[in-house]
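Novice: Would you mind keeping the following structure in view while I ask a few things?
The values are calculated or read from the model by the stated rules, or taken from the named source; none is laboratory data. Everything numeric in this text was worked out from a predicted model, so none of it was measured. In this analysis, Cβ positions are derived from the backbone assuming ideal geometry, glycine residues included, and neighbour counts consider all displayed protein chains. The protein model used for the area step is the full one, side chains on, heavy atoms only, and it has no ligands, DNA or RNA in it. Shrake-Rupley method; radii C 1.70, N 1.55, O 1.52, S 1.80 Å.
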Amino acid sequence: MNYKESVKTRRTFAIISHPDAGKTTLTEKLLLFGGAIREAGTVKGRKNSKHAVSDWMEIEKQRGISVTSSVLEFEYDGYNVNILDTPGHQDFSEDTYRTLTAADSATMLIDAAKGVEAQTKKLFKVCRMRGIPIFTFMNKLDRQGRDPFELMEELEDLLGIRSYPMGWPIGMGQSFSGVYDRHEKKLELYNPKNPKDIDVIQLTGPDDPKLDEAINDEQLVAQFREEIELLDVAGDEYDAELIAKGELTPMFFGSAVSSFGVQTYLEHMLTLAPSPVPRESSKGMIDPLEHEKFSGFIFKIQANMNPAHRDRIAFLRITSGKFERGMTVKHVRIGKNMKLAQPTQLLAQSRSIVEEAYAGDILGLFDPGNLRIGDTLVEGDTFEFAEMPHFSPEHFSAISVKEALKHKSFEKGIHQLTEEGAIQLFKTYNRFAEQQIVGVVGVLQFEVLEQRLKSEYHVDIQLDRLPFTFARWVVGPAEAFEKFKKAQKNLVTDRDSRIVALFENEFQMRTAQEKYPELTFHENSFFK
Ligand code: GDP
């Protein structure tokens, strides 16, 4: 296979969902199809499970949850698939958002009984901002859930995205009988006694009498036919362009736990999802199909992968070209060459050494501390990819060191952790006594921070929770901005000295926005 063909077979995506929607289950099933694991249950350490695969940190072990995200890769039907796994727990972090910047598409997994939930909404917004295609998998159809039309409406109302059902369910919960594939006109029959045994019947269309034979429930079939007709008449048309822009989401129905509808979703998704997409850089768009020289950027840094070795792993998304083990690349920010000697691809616990990889793939680089989030590595021509955005933290604490003598180690430690992206560090603006403020997306990061400063830097810290829940990067014309800076309370600066306003609640935030209509309040630092 030549270079271009190798790139074209790559699919790199993330699954976004609210905790408990079934992401671990779906991921396991996908890996099973890919033959990457033999038995479900080995992907992520479940509560009380022995397979604590990515639960490598002490804190994760104690809580039985997974804080960090890893990368899973497998081959299926000629495709090289990379799943960027993001933590599904409530206490997720900015890492979750940042991981999405390395994905070319996303799959939004929704519990059909619950509909769109808080965390899905937040993650969706990030995908929207990037304009990547979003696929939807409505899960848990084996249980009574909400009406599919209602779910479609909810996507539109809460997320502002229209949907195109690729399949349509027949019944739900007790009466769940199968899913009809609108494109292939295939009927997959659900057998509750043995869900793995899926009968597939080729129909000529929804009116095919074979459907009546197969389902044998007049009312259910009549309802299904009515619904399909309604979809055909009143639903959105299939539009590949809108799908590519993330404005129309192809929707699938199934039951991850029964592996039902998963393969159909996987096959359609792989066909429709893009191969590695071009990315903006300081020298224009870098299209992996045109630019055959290696380039990539760091989207995540994970410390302590192996507590015995204290190593850090920097995750690099290859954006163009081919990686070969031992190659030398330029670290653009510091202007030095760097040898990529021992990168790993991370599938669960077995870290295998990678010999070669292509645009779309993710490498884990062992790093003694030279790499930062957002760093660009290139071969040949020098350019940099756009800076990695910061997202509004939701929890804030004033931070100080308990023993003044340890100040230096403290500064070094929080600097390091800020670079890894676990926390954001702010300074109070225009206040007599400067105070450092830590902001995190998930509250668990405070504990991680405390523990890591203690174990790695031998520093005890004092964290005092502050009542803020929103941070907004404020910009605007000079006059209004000066007025705002003088009058507004609770201003801080970020590490690039940009002005950020902190608010306790939406009401406060709206009041400020109404008072200063000329100013823009950005939800993340992803603005020019
Ligand atoms: P995560 O938090 O999103 O990773 O969710 P899990 O994969 O851990 O699933 C949460 C719970 O939902 C578990 O008890 C699963 O067994 C269950 N679950 C997942 N998929 C399905 C499904 O299709 N049907 C039903 N009934 N339960 C499911």
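Novice: Based on this model, can you work out whether Lys412 counts as farther than 23 Å from Ala314 by Cβ and in a helix (DSSP H, G or I)?
Specialist: Answer is no for this residue.
Novice: Oh, and also: Pairs under 8 Å by beta carbon, first residue over 13 Å from Arg225 (Cβ atoms) and in contact (Cβ under 8 Å) with a residue 40 or more places away in the chain in segment 198-212, partner part of a strand (DSSP E or B) and among the aliphatic types (A, V, I, L, M), six or more apart or different chains?
Specialist: From residues that are over 13 Å from Arg225 (Cβ atoms) and in contact (Cβ under 8 Å) with a residue 40 or more places away in the chain, the pairs are Ile198/Leu189.
Novice: Looking only at segment 3-36, filter to residues that are away from the ligand (no atom under 16 Å from the Cβ) and among the β-branched types (Val, Ile, Thr); which one of those is most open to solvent (accessible area, probe 1.4 Å)?
Specialist: This residue is Thr9.
Novice: Can you tell me which residues in segment 146-176 are small (Gly, Ala, Ser), assigned to a loop (DSSP other than H, G, I, E, B) and under 25 Å from the mean Cα position of the chain (by Cα)?
Specialist: Gly160
Novice: Right, another one. Scan (1) within 16 Å of the ligand (Cβ to nearest atom); (2) open to solvent by 10 Å² or more (accessible area, probe 1.4 Å); (3) at pLDDT 60 or above; (4) within 27 Å of Lys245 (Cα to Cα) for the single condition Tyr79 breaks and write down its number.
Specialist: Among (1) within 16 Å of the ligand (Cβ to nearest atom); (2) open to solvent by 10 Å² or more (accessible area, probe 1.4 Å); (3) at pLDDT 60 or above; (4) within 27 Å of Lys245 (Cα to Cα), Tyr79 violates only (1).
Novice: Kindly establish whether Ala386 is of a type in the set (A, V, I, L, M) and within 21 Å of Arg472 (Cα to Cα).
Specialist: Judged against the criteria, Ala386 is a match.
Novice: Could you list, in sequence order, all residues of segment 270-283 that are open to solvent by less than 60 Å² (accessible area, probe 1.4 Å) and either within 14 Å of Asp77 (Cβ to Cβ) or in contact with a helix residue (DSSP H, G or I) (Cβ under 9 Å, 6 or more places away or on another chain) (or both)?
Specialist: Selection gives Leu270, Leu272, Ala273, Pro274, Ser275, Pro276.
Novice: Please pick out the residue among Ile286, Ile243 that is open to solvent by less than 50 Å² (accessible area, probe 1.4 Å), farther than 23 Å from Val71 by Cβ and more than 16 Å from the ligand (Cβ to nearest atom).
Specialist: Sole residue among the options that is open to solvent by less than 50 Å² (accessible area, probe 1.4 Å), farther than 23 Å from Val71 by Cβ and more than 16 Å from the ligand (Cβ to nearest atom): Ile243.
Novice: Taking Thr96 as meeting all but one of (1) away from the ligand (no atom under 15 Å from the Cβ); (2) closer than 27 Å to Glu447 by Cβ; (3) not in a loop (DSSP other than H, G, I, E, B), write down the number of the exception.
Specialist: Failed condition: (1).
Novice: Which residue is nearest to the chain's Cα centre (by Cα), if the candidates are limited to segment 119-142 and must be away from the ligand (no atom under 12 Å from the Cβ) and of a type in the set (Phe, Trp, Tyr)?
Specialist: Phe124
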